[in-house]
Each structure stands twice: as C-alpha cells, then as structure tokens.
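The values are calculated or read from the model by the stated rules, or taken from the named source; none is laboratory data. As the structure is a computational prediction, the values presented were derived from the model and not from experiment. No Cβ is skipped: glycine too gets one built from the backbone with ideal geometry, and neighbour counts run over all protein chains shown.
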Amino acid sequence: MSVEQANNWDAIVIGGGAAGLFCAGVAGQLGQKILVLDHAEVLGEKIRISGGGRCNFTNMNSTPANFLSMNPNFVKSALSRYKASDFIELVKSYNIPFHEKHKGQLFCDVSAKQIIDLLFEECKKGGVVIKNPVTVTGIKKINQEDANQASYPWSVETSTGIEKAKAIVMATGGLPVPAIGATDYALDVAKQFNMPVVNVRPALVPLSFTSDEFANLSELSGLSVPVKVKSGTKSQRYGTCQFDEDLLLTHKGLSGPAILQGSSYWHEGEAIHINWFNDVDIDELFDDDANRLKLTENILGAVLPQRLAKAFAEQKNLMGRKWAEVGKKDRQALKDFLTNWAVKPAGTLGWKKAEVMLGGVDTKALDGQTMMSKDNPGLYFIGECVDVTGHLGGHNFQWAWASGFVCAHSL
Ligand code: FDA
C-alpha cells in the first residue's frame, strides 16, 4: 500500500490488552479517531486467564505504595486521576456482579470475559477500529518539516499496509506467558527512540529451591500456610518488603500470595525470610507449663498443619521428644528456624509462570501526567511495558486503567 492510500488516525494503539483497549475506548469516546493493532488472533487473553478466570480487576485500597518503580512518585498523578472507584463505577454500569475476596481485591462473580466484553463495548461506543491479527514491522516518525507529512507524522508499517497517525500509544504489555503472544516490543520501540529502559525480570512469580532444607518440604506439596515473608535488601532497586499472606508449598518450591509478593523484591543470591508462626506468640507457646510433657511435633501441630509440624520436628531432630527434654539451645534453634527461616531460592519459575514484568520503559523518560515520551512528542507508553509493577491483588489492572485513562485524555 502506498503512503497516499494509507489510513490516517488521531492515534494508533499498538497492543489491544487491558491498557490498550481501555485507552482506545476512552479516547474514542472523547472524539478521537483511534485504531488498535494487535498481533494476537484473540484479544484480551491475559484478562481472560487473570484471577483464576474471574479477573481481579482492581483493588479498593490501591495507593502508590502498592507499586514498584525506580521512581515511586511516578504513579501518583495517573492513580489520582483515575481511581479504583472510577473503574468500579464502570463495572457497575455494565451490571457485572463482583465481590471482594481478600484485602480489597475485587473479582467478577461469573467470568473475566465480562471485563473483556466491557472493554470491547467501550471501544464500540468510541467508534474504535480494531485490526487483528496484524504484525507491526516498524514505526517511523516522518520528518516534521515536510508540510504534507506534518499532520500525521507517525507511520506504522504492518502486514496489512501502512497506517499513519498523529500519535502512537505503545500498550504491548510485558513478557509473562509467552504462549499467549507476550512480547517486549514496546521496549524495542523505546530503544529505537533513544529512551532508557530499566532491566526487566519476572515478578509475582513462584520461587524454586534446591537447598537440602527444602528437600522434605517438597513432599508437602499443596499445603497452604499463613506466614509473614520478608524479602529484598535496602540497597537493592526496590528495597525491602514484608507481607502477611498465605504460602503454598509446591513440588518445585514455594508459591502462594506471600511468595509471589516477595518475589518482586527478591534478587538472585539473596535469602528470603519466612516466619511460619505469623501472629502466634512463640514464647508463650514454648514457655507454657501445660506443654512440658507433650511431644514437640504436637506442640507445633497446635499452630501449624500437622504434616508441616512433623516435617519441622524431624528436620530439627526433635521428633518424638518430650518438650521438657528439649534443652535451651535446641529450643532457641527451633524458635529461630520457625520465626526467621532464611532460605535462598535457586531462582524463579520464569516468564512462563510470572504474572508481571518488573522494569520496563524508564519513567524518567515519560511525563507522568500524560504517559508521553518527554523527548518524542506523540509517542506514549502505557500499562505493563512501563517500569511500574503493582503488588498482587488487582493493582496491575488498576495501573493499566489509570495509565490508559491519562494517556487517552492527552491524545
Ligand atoms: P496485556 O498483556 O494485557 O496486553 C498486551 C497486548 O499487546 C496483548 O493483546 C498482546 O497480544 C499485544 N502485543 C504484544 N506484543 C505485540 C506486538 N509485537 N505487536 C502487536 N501486539 C502485541 N493483574 C491484576 O491486576 N489482577 C489479576 O487478577 C491478574 N491476574 C493475572 C494472571 C496471570 C496468569 C497473568 C499472566 C497476569 C495477571 N495479571 C493480573 C497482570 C495483568 O494481566 C497485566 O498487568 C495486564 O494485563 C497488563 O495490561 P497491558 O495492557 O499492559 O498488557
């Protein structure tokens, strides 16, 4: 297709996932002529598999403190202009039934597909044109000095021809779940336009272990225990964290909300710290005279699942020993083990099992009020491809909505 035949748009959104579709719908309803391009056969796949198929679409308690970024202040503007309550109102307006599952996390009662349908309907209301599957092979900014090109300076080469636009919105997400078409194309585009990128790695991801300490725990796969997890070091990129959540023992290592949250702060070679006793006062339990003649595994079993209590007693060579016979040193060692188990993960389960990508387009190159590149007017980045990563619990979708919203209002 020649340039003369090309279609002209106010903006082309590349990536029709959560952030891209939402941004397109808002911009379309503001009167902009919007094209969405996506290489996937089916759009919204990540939304469909999110929240176990019920999509944890936002979190009522979402604040900037729920996000990791090299610049923690960057999210403030977008999150204050489009709040969780705004998206909740939108969901209500579509009569989509939902419920709070845990700590402000809102899930659809029926299916994540209802959120995808909502996004398509919003796009329809805005007259948005969606083309997929389409392969984007290049993005160019045409010389502004050429008067003929000045109105539509951006040119996108695709497998179906050239599309021209006043602005480009990169919304191609991150690398998790490559099987459904995840790419880091937005980062290639950022680099093409000389924008800095913060190194990426899988986050909200299960951790794997090779240590001997873990050997007898792998047999307890499937067990879920409320714990306190501490992860990260002060000197590292995102500092430290502490989460009170459930930990899940798996064949390969540790998972569950506590570990997924901790994984975002964890770095290779570091230990994570687990307090298996969470809110229980261990001194009270250990000093209780009523426990003197009880077996160690039974004392632990009063607080922990029986199988785990036995595994820990065995690991510390205290299985079958009456508490009165356990010396001070062994008691202290058991206490340290139970309240501050420092264990070094061998690694993460990688992009296949990660929920989000940590890192991305460096926020220092973007205007937080609009999501536009500071040095490349008309080039925007929204959603997961930006160096903004939410905690588990609906914060990542809230970022997709909020960043898409402010971008749409600036197009
Ligand atoms: P998203 O991934 O949604 O969309 C990107 C789009 O770009 C896709 O349609 C893709 O096909 C397209 N694309 C990629 N490369 C392209 C290219 N080169 N050319 C053209 N198109 C391209 N979050 C949350 O808040 N609550 C939850 O319950 C969950 N649950 C969850 C479960 C699982 C299993 C995962 C993997 C992730 C979650 N998340 C989540 C995270 C959430 O899904 C994620 O943060 C958002 O989908 C990010 O929205 P984006 O629009 O940025 O990317």
Could you please find all residues in the range 49-70 being surrounded by fewer than 16 Cβ atoms within 10 Å (Cβ to Cβ) and within 18 Å of LEU118 (Cα to Cα)? ILE49, GLY53
Residue by residue through the range 171-202, note down the ones that are crowded, with 17+ Cβ neighbours inside 10 Å, within 10 Å of the ligand (Cβ to nearest atom) and over 16 Å from the mean Cα position of the chain (by Cα). GLY181, TYR185, ALA186, VAL189
Name every residue in the range 213-236 that is crowded, with 17+ Cβ neighbours inside 10 Å and within 30 Å of GLY360 (Cα to Cα), in order of residue number. LYS228, VAL229, LYS230, SER231, GLY232
Please determine whether any residue of the range 84-95 is within 14 Å of the ligand (Cβ to nearest atom) and of a type in the set (D, E, K, R). no
I'd like to check something: does the range 35-42 contain any residue that is within 18 Å of the chain's Cα centre (by Cα), touching a residue at least 24 places away in the same chain (Cβ under 8 Å) and either in a loop (DSSP other than H, G, I, E, B) or at negative phi (or both)? no
For the range 223-236, does any single residue satisfy the condition of being part of a loop (DSSP other than H, G, I, E, B), over 23 Å from the mean Cα position of the chain (by Cα) and farther than 23 Å from PRO176 by Cβ? yes
Before we move on, is LYS166 over 18 Å from ASP38 (Cβ atoms), among the charged types (D, E, K, R), at pLDDT 95 or above and outside any strand (DSSP E or B)? no
Determine if the range 356-377 includes at least one residue that is in contact (Cβ under 8 Å) with a residue 12 or more places away in the chain, within 8 Å of the ligand (Cβ to nearest atom), in contact with a Gly (Cβ under 9 Å, 6 or more places away or on another chain) and in a loop (DSSP other than H, G, I, E, B). no
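Among the residues in the range 7-20, are any acidic (Asp, Glu) and either under 30 Å from GLN236 (Cα atoms) or away from the ligand (no atom under 15 Å from the Cβ) (or both)? Break it down stepwise before answering.
Initial filter on the range 7-20 (acidic (Asp, Glu)): 10.
Still in the list and also either under 30 Å from GLN236 (Cα atoms) or away from the ligand (no atom under 15 Å from the Cβ) (or both): 10.
Yes, the range 7-20 contains a residue that is acidic (Asp, Glu) and either under 30 Å from GLN236 (Cα atoms) or away from the ligand (no atom under 15 Å from the Cβ) (or both).
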Inspect all residues belonging to the range 137-159 and state whether any of them is of a type in the set (Lys, Arg) and without any contact (Cβ under 8 Å) to a residue 24 or more places away in the chain. yes
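Which residue is farthest from the ligand (Cβ to nearest atom), if the candidates are limited to the range 43-62 and must be in contact (Cβ under 8 Å) with a residue 60 or more places away in the chain and part of a loop (DSSP other than H, G, I, E, B)? Reasoning before the result, please.
Of the residues in the range 43-62, the ones in contact (Cβ under 8 Å) with a residue 60 or more places away in the chain are 43-51, 55-59, 62.
Remaining after also requiring part of a loop (DSSP other than H, G, I, E, B): 43-44, 55, 62.
Values: LEU43: 5, GLY44: 7, CYS55: 6, SER62: 9 Å.
For the range 43-62, the residue satisfying everything is SER62.
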Can you report the number of residues in the range 383-405 which are out of contact with any Gly (no Cβ under 6 Å at 6 or more places or on another chain), more than 17 Å from VAL36 (Cα to Cα) and assigned to a helix (DSSP H, G or I)? 4
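Yes or no, residue by residue, for (1) touching a strand residue (DSSP E or B) at 6+ places or on another chain (Cβ under 9 Å); (2) at negative phi:
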{"residue": "ASN317", "(1), (2)": "no, no"}
{"residue": "TRP323", "(1), (2)": "yes, yes"}
{"residue": "LEU334", "(1), (2)": "no, yes"}
{"residue": "LYS352", "(1), (2)": "yes, yes"}
{"residue": "LEU358", "(1), (2)": "yes, yes"}
{"residue": "ASP367", "(1), (2)": "yes, yes"}
{"residue": "ASN376", "(1), (2)": "yes, yes"}
{"residue": "VAL388", "(1), (2)": "yes, yes"}
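Evaluate the range 204-211: report whether one residue or more is under 18 Å from the mean Cα position of the chain (by Cα), surrounded by 14 or more Cβ atoms within 10 Å (Cβ to Cβ) and in a strand (DSSP E or B). Break it down into steps so the answer makes sense when it comes.
Our first condition is that a residue be under 18 Å from the mean Cα position of the chain (by Cα); within the range 204-211, this holds for 204-207.
Still in the list and also surrounded by 14 or more Cβ atoms within 10 Å (Cβ to Cβ): 204-207.
If we keep only those that are in a strand (DSSP E or B) too, we end up with 207.
Among the residues of the range 204-211, at least one is under 18 Å from the mean Cα position of the chain (by Cα), surrounded by 14 or more Cβ atoms within 10 Å (Cβ to Cβ) and in a strand (DSSP E or B), which makes the answer yes.
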Given the criteria assigned to a helix (DSSP H, G or I), away from the ligand (no atom under 13 Å from the Cβ) and under 16 Å from the mean Cα position of the chain (by Cα), does ALA65 qualify? yes
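Looking at PHE312, PHE405 in this structure, which one is touching a Cys at 6+ places or on another chain (Cβ under 9 Å) and in contact (Cβ under 8 Å) with a residue 12 or more places away in the chain?
Step by step, each of PHE312, PHE405 is checked, and only PHE405 is touching a Cys at 6+ places or on another chain (Cβ under 9 Å) and in contact (Cβ under 8 Å) with a residue 12 or more places away in the chain.
To keep it simple, each residue is scored yes or no on (1) in contact with a strand residue (DSSP E or B) (Cβ under 9 Å, 6 or more places away or on another chain); (2) of a type outside the set (Asp, Glu); (3) under 20 Å from VAL343 (Cβ atoms).
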{"residue": "SER224", "(1), (2), (3)": "yes, yes, yes"}
{"residue": "SER231", "(1), (2), (3)": "yes, yes, yes"}
{"residue": "GLY253", "(1), (2), (3)": "yes, yes, yes"}
{"residue": "TYR265", "(1), (2), (3)": "yes, yes, yes"}
{"residue": "ASP281", "(1), (2), (3)": "no, no, no"}
{"residue": "ASN291", "(1), (2), (3)": "no, yes, no"}
{"residue": "GLU297", "(1), (2), (3)": "no, no, no"}
{"residue": "LEU308", "(1), (2), (3)": "yes, yes, yes"}
{"residue": "ALA311", "(1), (2), (3)": "no, yes, yes"}
